[in-house]
Amino acid sequence: MNTLDRSIPIFRTVFLVAGVAGAALSIGPTADYLFAAGLLLHFTIWFEEWWRTASVH
């Protein structure tokens, strides 16, 4: 695994927290995009893990 692959879960958390904080501060659509990016990364990581375990069986 390279450095970028290891940092993606960190980005997921940062985007989710930034989106929630931005929504609390009412910064507008930017908070929505940050939160959506965090969710997209979350589902991508989940799907990759599922795919790896499903393809082994």
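The values are calculated or read from the model by the stated rules, or taken from the named source; none is laboratory data. Worth saying up front: this structure is predicted, and the values here are computed from it rather than measured. Neighbour counts run over all protein chains shown; Cβ positions are idealised from the backbone, glycine included. Areas reflect the complete protein model, heavy atoms only, side chains present, ligands, DNA and RNA absent. Shrake-Rupley method; radii C 1.70, N 1.55, O 1.52, S 1.80 Å.
If you take the residues of region 39-57 that are closer than 16 Å to ARG6 by Cα and either of a type in the set (Ser, Thr, Tyr) or in contact with a helix residue (DSSP H, G or I) (Cβ under 9 Å, 6 or more places away or on another chain) (or both), which of them is surrounded by the most Cβ atoms within 10 Å (Cβ to Cβ)?
Result: LEU41.
When region 1-12 is examined, which residues are found to be in a helix (DSSP H, G or I), open to solvent by 80 Å² or more (accessible area, probe 1.4 Å) and of a type outside the set (Ser, Thr, Tyr)?
Listed by number, the residues that qualify are LEU4, ARG6, ILE10, PHE11.
Between a first residue in region 6-31 that is closer than 21 Å to GLU49 by Cβ and a second residue that is exposed (fewer than 13 other Cβ atoms within 10 Å of the Cβ) and of a type outside the set (Ser, Thr, Tyr), which pairs have beta carbons less than 9 Å apart while being 6 or more apart in sequence or on different chains?
If the second residue must be exposed (fewer than 13 other Cβ atoms within 10 Å of the Cβ) and of a type outside the set (Ser, Thr, Tyr), the pairs left are ARG12/LEU40; PHE15/LEU40.
Every residue, every condition in (1) at pLDDT 90 or above; (2) aliphatic (A, V, I, L, M); (3) in contact with an Asp or Glu (Cβ under 8 Å, 6 or more places away or on another chain), yes or no:
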{"position": "ILE8", "(1), (2), (3)": "no, yes, no"}
{"position": "PHE11", "(1), (2), (3)": "no, no, no"}
{"position": "PHE15", "(1), (2), (3)": "yes, no, no"}
{"position": "GLY19", "(1), (2), (3)": "yes, no, yes"}
{"position": "SER26", "(1), (2), (3)": "yes, no, no"}
{"position": "ILE45", "(1), (2), (3)": "no, yes, no"}
{"position": "THR53", "(1), (2), (3)": "no, no, no"}
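Of everything in region 13-38, what is assigned to a helix (DSSP H, G or I), open to solvent by 60 Å² or more (accessible area, probe 1.4 Å) and among the aliphatic types (A, V, I, L, M)? Give them in sequence order.
Passing the criteria: VAL14, VAL17, VAL20, ALA23, ALA24.
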